[in-house]
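Each remark here refers to the structure printed beneath this line.
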Amino acid sequence: MARPLHCPMTSALNIPDLIRKKRDGEAHTRAELEQLVLGYTRGDVPDYQVSAWLMAVYLRGMTAGETADLTLVMADSGDQMDLGDLPRTVDKHSTGGVGDKTSLILTPMLAALGLTVAKMSGRGLAHTGGTIDKLESFSGWSPDLPEDRFLAQASEIGLALIGQTRDLAPADGKLYALRDVTATVDCLPLIASSIMSKKLASGAHTVVLDVKVGAGAFMRTLEDGRGLARAMVDIGTRAGRQVRAVLTDMDTPLGHMAGNSLEVQEALSTLRGEGPEDLTELCVALAVEALAAHGEDPAEAEARARATLTDGSALAKFRAFVKAQGGDAALVDYPERLDVAPGRSDVVAPASGFVERLDALAVGRAVLVLGGGRERQGEAIDHGVGVEVLKKPGEAVGAGEPVLRLYHRDGRGLEAARALLEEGLAVTDRAPEPQPLILDRVN
Ligand code: URA
């Protein structure tokens, strides 16, 4: 992990010239991006100049080559993971969704398939959850592993997962914080470079991306999602990695559960081959992409991936992984012992008909106000609260029948969560067209 901070000496720092260049729609050279981004990371270039530059990028965009250069500069701004001799390494990233417990299922599947997952994961922010928070539902489980143990565990089990270290792509950490307060987050080259800089610095040979599209996602339209997926695949390819992206629907939550312990319970039933269809299909599709990137035939890969969920091999990998990182592995076999908040309250259908819309963003925000998410980094969360989707879009409901169930702790945030869910639910008298989960693939 230890690579010295890459700090080229910048003899002719003329930041206003660089801002002017981007303001006028010109493309930067790699050296210019190094001046600006590494200068900012070191503290030599002030926030106000980088803010102006970010806004110029937001308005003028970047070429594919510039975006790739920016990503490489950011990836090179701190430590880089050296996964050394680990075989067939693969990383996975989701652009963030509601009820997205895919990593909990996919990573042990990949380990059971003979790939190596040595991965960094994040915590949840705003309405989207994070894998580390979900795994902390297992009492004792820790994302803090020293590098030698991390690599040894990845080699032995095929799966090790740590939290984001501050030294990995530090330029992204600083730039992201500035984007957050300058209205420059939702900018394609900046999102693509932010995500891919961390993936490149993490060292895996193959990266499988799940680009979420819809109401609960960064990318609201398929067109925008495709643009982001293409940009990230292009960056990875230029950097000599195998990158494949799957575009998936995030209008409605994935599976039935949103909230940390509830999602872990659903992930465990999926690892037993008893999960909801949408979640199972997505995990299989992502596993197929990872295997295909390592040269396997997709049809055979699909059969092999499905088998890990029915023959117990993915579950066994997950159990070994939880135990190796200090977690209470008995909870893997007795998921009913996970801490789930005791309060229950249902949101019912206002009329009989079919569920037409069940807004993922509303569900994510409901979990947040119940106490299951955080508005700011570092806030404590309640792992036991959440929302269960009892009826998915397209399903028939009777008037007054429960559609959503809230799991709350002593009524905290209950009324606000109910209001959000009622607003996000629409029932219609005609069955809506079924929406595919997998919208497209880019590789
Ligand atoms: N996730 C990231 O890591 N960066 C972005 O810019 C957006 C989502």
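The values are calculated or read from the model by the stated rules, or taken from the named source; none is laboratory data. These numbers come from a predicted model, not from an experiment. Quick reminder, even Gly has a Cβ in these numbers, built from the backbone with ideal geometry, and neighbours come from all protein chains shown.
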Which residues, counting only those in the stretch 102-119, are within 11 Å of the chain's Cα centre (by Cα) and modelled with pLDDT under 95?
-> none
What helices (runs of 4 or more DSSP H) completely inside the stretch 93-204 contain at least 3 residues that are of a type in the set (S, T, N, Q) and either within 16 Å of the ligand (Cβ to nearest atom) or touching a residue at least 24 places away in the same chain (Cβ under 8 Å) (or both)?
-> 102-112, 188-202
Go through Gly259, Gly214 for me and flag whichever is crowded, with 21+ Cβ neighbours inside 10 Å, closer than 29 Å to Leu425 by Cα and more than 16 Å from the ligand (Cβ to nearest atom).
-> Gly259
Do we find a residue being free of Cβ contacts under 8 Å to residues at least 60 places away in the same chain and farther than 27 Å from Gly327 by Cα anywhere in the stretch 68-77?
-> yes
The condition of being surrounded by fewer than 18 Cβ atoms within 10 Å (Cβ to Cβ), of a type in the set (A, V, I, L, M, F, W, C) and either farther than 24 Å from Leu370 by Cα or not assigned by TED's automatic domain parsing to the domain that holds Ala305 (or both) holds, among Val117, Val181, Val90, only for Val181
Out of (1) more than 15 Å from the ligand (Cβ to nearest atom); (2) assigned to a loop (DSSP other than H, G, I, E, B); (3) over 30 Å from Leu36 (Cβ atoms), the odd one out for Val90 is which?
-> (2)
Looking at the stretch 234-251, which of its residues are away from the ligand (no atom under 16 Å from the Cβ) and either touching an Asp or Glu at 6+ places or on another chain (Cβ under 6 Å) or of a type outside the set (D, E, K, R) (or both)?
-> Thr237, Ala239, Gly240, Gln242, Arg244, Val246
Which listed residue, of Gly353, Gly378, is modelled with pLDDT under 95 and surrounded by fewer than 20 Cβ atoms within 10 Å (Cβ to Cβ) = Gly378
How many residues, within the stretch 144-171, are more than 30 Å from Leu33 (Cβ to Cβ), buried (at least 19 other Cβ atoms within 10 Å of the Cβ) and touching a Leu at 6+ places or on another chain (Cβ under 8 Å)?
-> 7
Criterion (in a loop (DSSP other than H, G, I, E, B), small (Gly, Ala, Ser) and touching a residue at least 24 places away in the same chain (Cβ under 8 Å)) met by exactly one of Gly216, Gly225, Gly236 = Gly216
Identify, by number, the condition in (1) within 16 Å of the ligand (Cβ to nearest atom); (2) surrounded by fewer than 23 Cβ atoms within 10 Å (Cβ to Cβ); (3) closer than 30 Å to Gly78 by Cβ that Leu209 doesn't meet.
-> (2)
Would you confirm whether any residue within the stretch 14-35 is over 30 Å from Met109 (Cα atoms) and at pLDDT below 95?
-> yes
